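> First the structure, then my questions, so here it is.
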Amino acid sequence: MISKSMEKALNEQINAEMYSAYLYLSMESYFRSLDLSGFANWMRVQVQEEMVHAMKIYDFVDARGGRIILKSIAAPETEWKTPLAVFEATYKHEQKVTGLIHGLVSLAIKEKDHATNTFLQWFVNEQVEEESSADKIVKQMKMMGNAPGGMFMLDRELGLRVFTPPATQGEQK
Ligand code: FEO
């Protein structure tokens, strides 16, 4: 059984993960409007990953005897100035999510909720990867600048990203 405060905090994180999926879906649609199908593919995979994150927490709250309460998901932005601005926003958003996860870990430690703390460690590690993959693309885009063919090459590379679902949802990967 989890405490009411932990249940509330995890419910908020389900909402944050679903918002992340919504934000990346909006970014995908922006890239589709620019005919950058590889960039759009990268975002689609990101959407799928965020839904896995949300469902992992959903299943965990349920397994611990908590109650899942779904709230409305905020509308994401729809326009960005450049593809680079999209990835800068992605990196910034992931840093924010990392902060939320760390806040949950701190709460679990404060409440001596070892099961939730252990569960959250998967997310702590996942956030390292989430930040690093967005940051890598930001750096690549800055490096290529206005080099001819740069966007074409990157679009092709990002088009290769494939969604790999965790072996068993709701459990550690
Ligand atoms: Fe669910 Fe992108 O962190």
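Read the figures in this text as sums done on the coordinates, not as results from a lab. Just so it is clear, the model here is predicted, and its values are computed rather than measured. In this analysis, Cβ positions are derived from the backbone assuming ideal geometry, glycine residues included, and neighbour counts consider all displayed protein chains.
> Suppose only helical runs count, i.e. DSSP H with n ≥ 4. What mean residue ellipticity at 222 nm does that imply for the chain under -39500 (n - 2.57) per run, divided by all residues and rounded to the nearest 500 deg cm²/dmol? Present the calculation step by step, with values, prior to reporting the outcome.
Details: 5 runs with 125 residues, N = 173.
It lands at -25500 deg cm²/dmol.
> What are the radius of gyration and Dmax of segment 81-168, computed over its Cα atoms and given in Å?
Cα-based Rg and Dmax for segment 81-168 come out at 17.0, 56 Å.
> Report, as a whole number in µm² per second, the diffusion coefficient that Stokes-Einstein gives for the chain at 10 °C and 1.306 mPa s using the Kirkwood radius over alpha carbon pairs.
It diffuses with D of about 93 µm²/s by this estimate.
> Only sites in a loop by DSSP and with at most 15 other Cβ atoms within 10 Å count here; which chymotrypsin sites (Phe, Trp or Tyr not before Pro) in segment 57-115 make the cut?
Working: sites: TYR58, PHE60, TRP80, PHE87, TYR91; in loops: TRP80.
Listed in order of number, the matching sites amount to none.
> Compute the long axis of helix 4-33 from its Cα atoms, compare it with the longest principal axis of the Cα atoms of the chain, and write down the angle in degrees, 0 to 90, nearest 10.
On a 0 to 90 degree scale, this one is about 10.
> Rounding to the nearest 20 debye, state how big the charge dipole of the chain is about its Cα centre with +1 on each Lys and Arg Cβ and -1 on each Asp and Glu Cβ.
Roughly 200 debye, rounded to the nearest 20.
> Which is farthest toward the positive dipole end of segment 4-158 among ALA40, ALA115, TYR58, measuring Cα position about the Cα centre, with Cβ charges +1 (Lys, Arg) and -1 (Asp, Glu)?
ALA115
> Please give the helix 83-110 orientation as an angle from the longest Cα principal axis of the chain, in degrees from 0 to 90, rounded to the nearest 10.
10
> Explain nothing, just the number: relative contact order of the chain, from Cα pairs under 8 Å at least 6 residues apart, as a whole percent.
Relative contact order of the chain: 33 percent.
> Take segment 1-64, drop everything but the C-alpha atoms, weight them equally and run the Debye formula without solvent; then report log10 I(q)/I(0) at 0.22, 0.27 Å⁻¹ to two decimals.
-0.79, -1.00
> Where is the GNM fluctuation largest for the chain (alpha-carbon springs, 10 angstrom cutoff): ALA115, ALA54, ALA134?
Greatest mean-square fluctuation among the candidates belongs to ALA115.
> Rounded to the nearest 0.05, what FRET efficiency do ARG67 and LEU100 give with R0 = 25 Å and r taken as the Cβ-Cβ distance? Could you check? Please list the in-between numbers first.
Details: r = 20 Å, r/R0 = 0.81.
So, using R0 = 25 Å, E works out to roughly 0.75.
> Right, next: Using every alpha carbon pair in segment 37-123, what percent of pairs falls into each 10 Å bin from 0 up to the bin containing the largest distance?
13, 39, 31, 15, 2
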